1. Consider residue A:1 carefully, then state whether it is surrounded by fewer than 19 Cβ atoms within 10 Å (Cβ to Cβ) and in contact (Cβ under 8 Å) with a residue 24 or more places away in the chain.
2. Working only within region A:625-640, note down all residues that are surrounded by fewer than 18 Cβ atoms within 10 Å (Cβ to Cβ), part of a helix (DSSP H, G or I) and within 11 Å of chain B (Cβ to nearest Cβ).
3. Take the residues in region C:212-228 that are within 8 Å of chain B (Cβ to nearest Cβ) and assigned to a helix (DSSP H, G or I); name whichever of them is surrounded by the fewest Cβ atoms within 10 Å (Cβ to Cβ).
4. Among the residues that make up region C:61-74, is at least one of them at the interface with chain B (Cβ under 10 Å from one of its Cβ atoms), surrounded by 15 or more Cβ atoms within 10 Å (Cβ to Cβ) and not in a helix (DSSP H, G or I)?
5. Of the residues in region B:3-25, how many are more than 28 Å from the chain's Cα centre (by Cα) and within 7 Å of another protein chain (Cβ to nearest Cβ)?
6. Return only the number of the condition from (1) at the interface with another protein chain (Cβ under 7 Å from one of its Cβ atoms); (2) within 21 Å of residue C:136 (Cβ to Cβ) that residue B:33 does not satisfy.
7. Residue B:28 fails exactly one of the following numbered conditions: (1) at pLDDT below 90; (2) facing another protein chain (nearest Cβ under 7 Å); (3) within 21 Å of residue C:108 (Cβ to Cβ). What is the number of that condition?
8. Please go through region C:54-111 and give me each residue that is in contact with a strand residue (DSSP E or B) (Cβ under 6 Å, 6 or more places away or on another chain) and closer than 20 Å to residue C:123 by Cα, ordered by number.
């Protein structure tokens, strides 16, 4: 029963995708989305049923079929459901469902309406399969699958050169990371064949169960190789989750439709990296270097993302950098699992933040989508202001999301951020304490900056003197009620989920059911950190207020030099794209030009030469084609002589 | 020493060579056809020699057939020569050189698809460039009108 | 390539031909070139050409012992070859056609020698009679009184003579090889069912007629139909063009 339900979760969107694809071919414009929303709804319902029927923390598998079989290399298609899966799966399907409902209104007037829903359903299929994957290779396959859907949706408006370029950039940057991921998988398989040389024919060595069971042998026999595997997996994770230094694709990915930004590039797909690390935690526990690296990268990303978000004037880009920054928080949390007693709390904190982030970031993006809808696609903070009266409902929803993101108690962001800070604080007592102390400081600064930029975006958009760009038309209006309801559900979750989950400890209990992530003792609530965290957030809120509010004495004074400098850096994205251009893109381009030159001169030249040989022969032969019968027969006789000679000698 | 078949065969070969030489060198249309007759005569000599050699009538009957074919050929050749002479009153082979293919006299049967590929590029290789709406330029219609234009143009030139 | 590497005799294609026949061929070829040139320009050259050809004939003739039937054969083949040379060298088309007629008549003599009197008669009638007359008629109809360029000049005579001399050398070498032909008057397995032979002296014509109308009936009928079709074709070609002219 459970395995059937598990199969329903991914297969319903797959069917939806196929039907919608076929419908998009027929031109039946207004039908595909019913199928897709129905399918995702079914998937959500199945997820909730599975969640309700899951009592023990034991992993359940749903057998599919044998995919690959070559000697000892054996890969099955099977689903695996354990508490980690069940933490993420409701978020994926639930947020997808809400965003799909929202998209109906948002995409109504788009020509690619049905195509949008087909890809959307394809994404949900791939994402659920990724989460449910029973082995590492399957996870990789659907990891690429979500990458493809992300590519298709970023480049959804392929008529725009910027969208096409952004899609390509996202794909290429992810390719670097995925190459590392694949290498990690292959190396792991190699190691597995060495520690399990005479494995039974039916067993798939890349199944998570097999890997986790073999970890003891792996770490004793090949400790350095296991560390390498860990680093390669981390490379894959930082690519998909847009961590420094591979974060450059995510801000550009905002070229896609806003619901896509909300779902794929904020709530679900980009968290796949966090999920991967959490999934492989039984292995990563034995490689503390990888975890420290993850935490450091997370800290760097959180800080960079926050600084860059401060410098943006585009609402969606602020949210994009904010996403990068928050993903950095999740990495910091995961990275804090360097000590065995912290593994459970670390994963739990990361997953907690993942869940709450999905709620409030989706709320923020969808609200931004409403703003975009009403303002004729203009979301430049310098051109819009005071939309409180124009979009009252959106204003309220955005405020909830912003406060949650800023970490104002008692909203969701506060609780999860607090959990992460607590875990990092615990990690400072470990062997790599100095590093974690720095990370803690960075996390605190990032939290402060988060509050500043979030509230700046809010104040700049909704408060102040009303300013509406001409693109908005004569009568900018609030979005359709279904869209607002979809956001409202998410906003409600942002408002309440944090408190409920934190007070009941649901996530901790779920994660704690996993044997390798068992909570050793109860998670101690640190009131110091809580107070610190809320104080930081409130100060940030206040700073944002004085920087944006139209106080007379501030309006007259010039903006400080620091602020303009920050703006400039933000606009130039910390020059990271430029550095990459000099370091990687230009050499690659030079090489490509060289190769293109080689191709056009040598290869094409050779091909052309081969083609010229018959032409030249033809030119020669054509001279003999005189139309003169005697000369033709002369050649005939010459041939006759040769044949006669060869046949009689 | 009696007369050997080989001697007759050599005589036939000489006759055939003379006919062949005449065909290669003479430029008068009528003499060309006479050369052909001479070659056939050389073959007939050989056939008769073999008939004698094998002591049966096979070769002779074959020679009779060659004779009738030669007669047919002469009749048709003369009809053609007369027809050509009416077009242009000369017997020179070189004056009919222009019946060949030469640059500028391309065959009238043209592979229209190939021509179209050459003129418009291979449409299957043409992807819509990024940032352009493929539906704005309806490629198939344009191709279709291209073919149509080409056909009408070619047709006109053929009849010219 | 292996063949080329192992056997070098392909470099000397006529090594197995007797020297006199090679000499005769070479002299004949050179003589023909000279004669063709001389017929157009000078009597001296043509005399040299005739001398060379005569020398070639003498070289060939001295190697055939003059027995009675061989004398006749030599005479007929000599006149036939002479006719061929006339045909090749005379610039006036009517003269060339008369050379052709001479060749055909000599050829009929060869047919007589080969026990083919009916064929000789038929050839005389069809070739020397009908065909030559028609060709001469067309020549009269189309030929101008003044010799034209295409009558005087030949097309690539030297390369043609060179090629055909080689061809002739190859053929002669092929014929001269021992055991090319089965021994004469051996029972022939491919003999047709009427079983007529040339050796039965009084029934020569009878045997030929029997062979033609029993064994080769269909072939003969087919040749007859071909003649009919050719007649119709010839009429059609001239008629169609006549209508177009009008």
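The values are calculated or read from the model by the stated rules, or taken from the named source; none is laboratory data. Remember, it's a predicted structure, so these values are computed and weren't measured experimentally. Virtual Cβ from ideal backbone geometry, glycine too; neighbours counted across all protein chains shown.
1. Values: surrounded by fewer than 19 Cβ atoms within 10 Å (Cβ to Cβ): yes; in contact (Cβ under 8 Å) with a residue 24 or more places away in the chain: yes.
The answer is yes for residue A:1.
2. Looking only at region A:625-640, we keep the residues that are surrounded by fewer than 18 Cβ atoms within 10 Å (Cβ to Cβ), and these are A:625-627, A:632, A:635-636, A:638-640.
With part of a helix (DSSP H, G or I) added as a condition, the list becomes A:632, A:635-636, A:638-640.
Listed by number, the residues that qualify are A:632, A:635, A:636, A:638, A:640.
3. Looking only at region C:212-228, we keep the residues that are within 8 Å of chain B (Cβ to nearest Cβ), and these are C:212, C:215-216, C:219-220, C:223-224, C:226-227.
Imposing the further condition that a residue be assigned to a helix (DSSP H, G or I) reduces the set to C:212, C:215, C:219-220, C:223-224, C:226-227.
Numbers: C:212: 20, C:215: 20, C:219: 14, C:220: 17, C:223: 20, C:224: 11, C:226: 15, C:227: 15.
Filtering first and then ranking leaves C:224.
4. Yes, region C:61-74 contains at least one residue that is at the interface with chain B (Cβ under 10 Å from one of its Cβ atoms), surrounded by 15 or more Cβ atoms within 10 Å (Cβ to Cβ) and not in a helix (DSSP H, G or I).
5. 8
6. Among (1) at the interface with another protein chain (Cβ under 7 Å from one of its Cβ atoms); (2) within 21 Å of residue C:136 (Cβ to Cβ), residue B:33 violates only (1).
7. (3)
8. If we filter region C:54-111 for residues that are in contact with a strand residue (DSSP E or B) (Cβ under 6 Å, 6 or more places away or on another chain), which is where we start, we get C:93.
If the condition is that a residue be in contact with a strand residue (DSSP E or B) (Cβ under 6 Å, 6 or more places away or on another chain) and closer than 20 Å to residue C:123 by Cα, then no residue fits.
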